[in-house]
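To keep things clear, I will list the structure first and then write my remarks on it.
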Amino acid sequence: MNEERYILFDQYLQSEMTAAEKTDFEKQLAEDPEFASEFETFKTVQLQLENKFGFEAEREAFKENLTQISEKHFNKNKPKVVLMRPWYYAVAASIIILFGLFFFDYNQNPSFNDYNHPGQAHFTERSTTNVHLLQAEKAFNTRKFKDAIPFFEVALKEAKTPEIQYYYGVSLLETSEYKKAETVFNELKTTSPVYKDKSLWNLALIKLKQKDYKGCKQILQTISQDYEDYDEVQELLDALD
């Protein structure tokens, strides 16, 4: 769980979103199973806190103490002394065990969201006549990946280029259509030298999103060190060791 999602979930539950933000949030819940799963976990933790404390002030105090525990145990460069009442320790321990250090974003395995960077599509500079491609670009860049998919599919029938294939594959990955995404990237890695390593990286992300860490590592090891984002490849490999 990253901090941005924690804030987003809290804003939704506290009714602090605008109507448009709420609509986008609920759309993502419906389209992204992993996002929905993390939200359900977050709600469970919130309920646990409410059952334990009942009052907002104590809830906030508990969260602050959890943060201090995190800094004490996981940031060795900044040791701190944390003073807590004994019953706080018991509750903190139970929450940590049950929910895997939810508030700390502390996990022994890397998270898909930490390495997921869909980027921006830019087709309009080279093509202003393909209406479906323009619609695909707009949907993709506003992170409406499910909406982008049918536009990409029509655009590919009109002009099948590696670039369109690539962003189509990314859209499939973002909406967890793993089999289709794998088909796209497997074809692309063998037919387009320019997109070979990018395709391998996304194939690795497909495995990572499904928590297939062994499969992810195996694919990462096939990516050339000449790949422009190889630093991130190495970072993920290190995280998987």
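The values are calculated or read from the model by the stated rules, or taken from the named source; none is laboratory data. None of these values were measured; they are calculated from a predicted model. Glycine gets a Cβ as well: all are built from the backbone with ideal geometry, and neighbour counts include every protein chain shown.
Summary of values
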read-out	value
Residue tally, condition over 20 Å from the mean Cα position of the chain (by Cα) and either at pLDDT 90 or above or loosely packed, with under 12 Cβ neighbours inside 10 Å (or both), over segment 17-26	3
Residue match in segment 182-199 (condition: surrounded by fewer than 19 Cβ atoms within 10 Å (Cβ to Cβ), closer than 21 Å to Ala30 by Cα, out of contact with any Lys or Arg (no Cβ under 8 Å at 6 or more places or on another chain) and touching a residue at least 24 places away in the same chain (Cβ under 8 Å))	no
Subset of segment 215-241 (residues that are hydrophobic (A, V, I, L, M, F, W, C) and assigned to a helix (DSSP H, G or I))	Cys216, Ile219, Leu220, Val233, Leu236, Leu237, Ala239, Leu240
Cβ-Cβ under 6 Å pairs, at least 6 apart or on other chains, segment 1-29 side more than 17 Å from Thr44 (Cβ to Cβ), far side at pLDDT below 90 and among the aliphatic types (A, V, I, L, M)	Gln11/Met17
Conditions (1) of a type outside the set (Phe, Trp, Tyr); (2) more than 17 Å from the chain's Cα centre (by Cα); (3) surrounded by fewer than 17 Cβ atoms within 10 Å (Cβ to Cβ): number failed by Gln165	(3)
